[in-house]
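Beneath this line is the structure, given in structure tokens, with notes to follow.
The values are calculated or read from the model by the stated rules, or taken from the named source; none is laboratory data. What you see is a predicted model; the values in this text were computed from it and never measured. When we count neighbours, we look across all protein chains shown, and the Cβ atoms used for this are built from the backbone with ideal geometry, even at glycine. When the accessible area is computed, the model is the full protein with side chains, heavy atoms only, and any ligands, DNA or RNA have been set aside. Shrake-Rupley method; radii C 1.70, N 1.55, O 1.52, S 1.80 Å.
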Number of protein chains: 2
Amino acid sequence: MSCHPVLIDGQWRPAVSSSSFNASNPQTGASLDESYPVSDWADCDAALEAATVAARQLRSMAPERIADFLEAFADQIEKQAEALVEMAHLETALPTSPRLADVELPRTTNQLRLAAAAAREGSWMAANIDTQAGLRSHFAPIGPVCVFGPNNFPFAFGSVSGGDAAAALAAGNPIIGKANSSHPGTTRLCAEAAIAAIEATDMPRATVQLLYRTSHSDGERLVADPRVGATGYTGSRGAGLKLKAAADAVGKPIYLELSSINPVVILPGALRERGADIAQDFVVSGLMGTGQFCTNPGVTILLEGSESETFVEQVRSKYAEAPAGILLSKSVESSLTAGIETLVAAGANSLTSGTAAASGFSCPNTLLSVSGSEFLKAPETFQTEAFGNCSLIVVAQDVDEVVAIAASLEGNLTGCIYSDTQGSDDDAYDRIAPELRTKVGRILNDKMPTCFSFSPAMNHGGPFPAT
Amino acid sequence: MSCHPVLIDGQWRPAVSSSSFNASNPQTGASLDESYPVSDWADCDAALEAATVAARQLRSMAPERIADFLEAFADQIEKQAEALVEMAHLETALPTSPRLADVELPRTTNQLRLAAAAAREGSWMAANIDTQAGLRSHFAPIGPVCVFGPNNFPFAFGSVSGGDAAAALAAGNPIIGKANSSHPGTTRLCAEAAIAAIEATDMPRATVQLLYRTSHSDGERLVADPRVGATGYTGSRGAGLKLKAAADAVGKPIYLELSSINPVVILPGALRERGADIAQDFVVSGLMGTGQFCTNPGVTILLEGSESETFVEQVRSKYAEAPAGILLSKSVESSLTAGIETLVAAGANSLTSGTAAASGFSCPNTLLSVSGSEFLKAPETFQTEAFGNCSLIVVAQDVDEVVAIAASLEGNLTGCIYSDTQGSDDDAYDRIAPELRTKVGRILNDKMPTCFSFSPAMNHGGPFPAT
């Protein structure tokens, strides 16, 4: 089958390309029929030229028109919802319900409409007017934004439909989407919805463009190109750090969400008070989406004692009972297996011995444990991200050790602390929270890290390398 | 004479150091008597340890107390004003009046008091409270901030007294100042004022620390240290880019003001209307402080025609008449000479043939010119910063060429456009301004780039490499 065309300057045109790739069906492991091109630099260059023209036009456009476009884009996604959900399920194996059709797609259109409201309202510009000094300052469009979306949210973080794209567009910047290789078809359908909205609202043709894949070196060249305004990336740490180095070298802004193990501290009073409920919350959070959330609880820190032993046993038995889910891709399966091997080689004990799903990409539900003192001997290694249905329990001997573990952490998106309602955990909380705060983008009290609300008060970011 | 001690954890203690340096008197070129240490890593490490403790204490401190300290610091600087001005004049040759005593020192204490007001007022935290979702977000202290100050503002951008230091302190972060090597004595006196204020207001001892110099490799290690929150740097591009690379590699925030040639576009209608006034403004702006301002008008773009010829001749004769000023240091003199040589070698014509000052660090006032088409053949080379009393005039053949020149520019702090009041320049303005806007941090209409007001609406920053 011939390759799909790329979207450059409003037209689906044959890619300039010498190779192609196919996505897989994660439920079977089989390659899908549709082929997508790996673009040469010529495609990147053409997209950049078109985006430069679009950026000039968008710069002086009334915010109202940008908002109309974003709303039309949301409408088009809803019109194509059935086809989009079907394709995303085929390419990611994420459940249609509850998830793709009734959670993620509505979230995505909601994001686009919130972006439209933000464009209309204009406070993102942070205008500051000093009439006495004759000064006006405000933020303004920055130029074409490259968006590299992740594998785990085909719509809501998608390269042309997701949060980074919506934010860039709302601020008057054209986007160049680079599809995630695990769901090129889903991204193509989203781009078709974008083009329909561009035509309906008479926007510059290159407001949204789409390439499927490039060589690594062309990707690095792209984010560092003088015509680029900024880049948004969500994905693996290795690939992200290479893009960051390329952008940093020429001073181009790049915003990356790379990895996060989302430490959860559960204090003994909370376990005595409601240990079984917390264990249930933990299992739901840890295995949701087969653990493939950027806010998955990767490391849980407990204090030595019988409450903690009971908690670990409750979680272990639930991990053993629950069927192993399907992973997004072969590479997620390989990274997860490698991550578990690294943790075990460093001294973590495996508490589970389940099996993977009978077919497709899968790994057994895995619960590991290590003592606090062992963790502190190799904190970097024990922070290896095992993206998927695996969690590491760290059992500390006292609160001092918990504080030391918190101090040894890299940056994370979230940090959670469970404490009791009677005050017996308060001293420990007051010592642990200030340290944990400096390591995470948001602190959650008595909630699992996957807990998320849409609100301007929600911070989804954290210290490097989380973002 | 023995070396001055460094300020670590509230104490002036002998540096761990194997070498030292002396500043020079720019008016004579002679070395000054006082020796200052080049610290080994042991000093950096000790300062980082002390700063980590101070950061923990500052994190939970009432903003009111931080504000009180900043105001006490301003008071102490005023108490020591005479000694500070005398030392700064000795080390920089900047005039006592109008400048060090009556402009820069009051500006510096004003900045510290504005920082105190900002700390009290708290809107920098951008608190966002969503009671319905139970969410609160706000900015918070980031940890110890390293400050590398520049040579050209010994107080107002000074490593312990300047804007970066004031901003870091207002947000509850301890600072580690690295003195500029051209005025270590001034920085020492500022640190003494800081310590007096720390004692008077009972702040953590390591709230303000001071090292004078380190090896380049220790500087790079310092900004990348896990204990550091962020770094502020103002200075040369070469040294700054090395620090940036070191900080970027580990994802540490670093904010740098590196270089800026501050393009000024003067349209023909404005020259016909008030060319002599603009020429006078230009000469004042270009030679003020011997051209050693980050907003010095380094490149001026004119359109071919008799108005422009008259303007250039007016400026040329004033540059020839004005005595050459004193430069801040030997290295400024060397860089300026090298910058002029690079521009001339690339094809710029020198319009002036004056002489340097009879003694001390100095360079003749220099006006260069090049055609727009020549500029566009090597735009990178013609953007070589010649920091000091040198300006390059670019004569474009038409507005298209001005737009192309604007498009070829790197990031700058400022961009200025002069146009007439009758509207004959409006078409040109409307084509040039949108392009120039994308290249600069602030656009000034009918003003020279050195024009500056203190206001929350004033943006002092720009696209890379300006910042």
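Observations
- Counting Cβ atoms of other protein chains within 10 Å of each residue's Cβ and taking the mean over peptide A:244-252 gives 4.
- Accessible heavy-atom area order of A:ARG227, A:ARG13, highest first, probe of 1.4 Å: A:ARG13, A:ARG227
- With all protein chains modelled, accessible area of B:SER353 [1.4 Å, Å²]: 110 Å²
- Copy B relates to copy A by a rotation, and the B residue whose beta-carbon is nearest that axis, with the distance in whole angstrom, is B:ASP248, 2.
- Of all beta bridges that DSSP places with both ends in the protein assembly as shown, some 25 percent have antiparallel geometry.
- Looking at chain A alone, DSSP beta bridges between its own residues are antiparallel in about 30 percent of cases.
- DSSP beta bridges confined to segment B:340-467 are antiparallel in about 15 percent of cases.
- Taking all protein chains together and a 1.4 Å probe, the residues B:PHE311, B:PHE387 rank B:PHE387, B:PHE311 from largest to smallest accessible area.
- A:THR131 accessible area, 1.4 Å probe, all protein chains in place, Å² to nearest 10: 120 Å²
- Assigned charges on the beta-carbon of Lys, Arg, Asp, Glu; segment A:182-283 dipole about Cα centre (debye): 320 debye
- For chain A, the longest principal axis of the alpha carbon atoms and the long axis of helix A:184-200 meet at an angle near 40°.
- Label points for A:ARG431 are taken 7 Å from Cα along Cα→Cβ. From this copy to the others they lie 7.1 nm apart, shortest first.
- Integer Hz, Karplus 6.51/-1.76/1.60 couplings in order for segment B:100-117, x for Gly and Pro: 4, 6, 10, 10, 6, 5, x, 4, 5, 5, 4, 4, 5, 6, 5, 5, 4, 5
- The angle separating the long axis of helix B:237-249 from the principal Cα axis of greatest extent in chain B is about 50 degrees.
- Pair-distance distribution P(r) for the protein assembly as shown, from all Cα-Cα distances in 20 Å bins starting at 0: 13, 41, 35, 11, 0 percent.
- When the charge dipole of segment A:61-156 is built from unit charges on Cβ atoms (+1 for Lys and Arg, -1 for Asp and Glu) and taken about the Cα centre, the candidate among A:TRP124, A:LEU94, A:THR108 whose Cα reaches farthest toward its positive end is A:TRP124.
- Solvent accessible area, Å² - B:LYS242, 1.4 Å probe, full protein context: 120 Å²
- Charge dipole of segment B:377-467 (Cα centre as origin; +1 on each Lys and Arg Cβ, -1 on each Asp and Glu Cβ, all else neutral): 440 debye, rounded to the nearest 20.
- For chain B, averaging the sequence separation of C-alpha pairs within contact (under 8 Å, six or more residues apart) and dividing by the residue count gives a relative contact order of 14 percent.
- Test item: B:133-141 mean partner chain Cβ contacts at 10 Å: 4
- For the residue pairs B:LYS244/B:LYS439; A:LYS377/B:LYS242; A:LYS252/A:LYS377; A:LYS242/B:LYS242, the alpha carbons lie more than 30 Å apart in A:LYS377/B:LYS242; A:LYS252/A:LYS377.
- Helix A:81-92 vs. chain A, principal-axis angle (Cα, 0 to 90°, nearest 10): 50 degrees
- Residue-wise HN-Hα coupling along segment B:271-276, computed from phi with Karplus coefficients 6.51, -1.76, 1.60 (Hz; x: Gly, Pro): 5, 5, 6, 7, x, 5
- Hz values of 3J(HN,Hα) by residue in segment B:351-363 - Karplus curve (6.51, -1.76, 1.60), Gly and Pro given as x: 9, 10, 8, x, 10, 6, 4, 5, 9, x, 7, 6, 9
- Of the GluC sites (Glu not before Pro) found in segment A:1-99, not one falls in a DSSP loop while having at most 10 other beta-carbon atoms within 10 Å.
- Distant-in-sequence amide H partners of B:LEU303 (H built 1.01 Å from N, under 5 Å): B:ALA396
- Test item: Cα-centred dipole of segment A:264-392, Lys/Arg +1 and Asp/Glu -1 on Cβ, debye: 220 debye
- Of the residues A:PRO465, A:PRO204, A:ALA168, the one whose Cα sits farthest toward the positive end of the charge dipole of the protein assembly as shown, with +1 on the Cβ of Lys and Arg and -1 on the Cβ of Asp and Glu, is A:PRO465.
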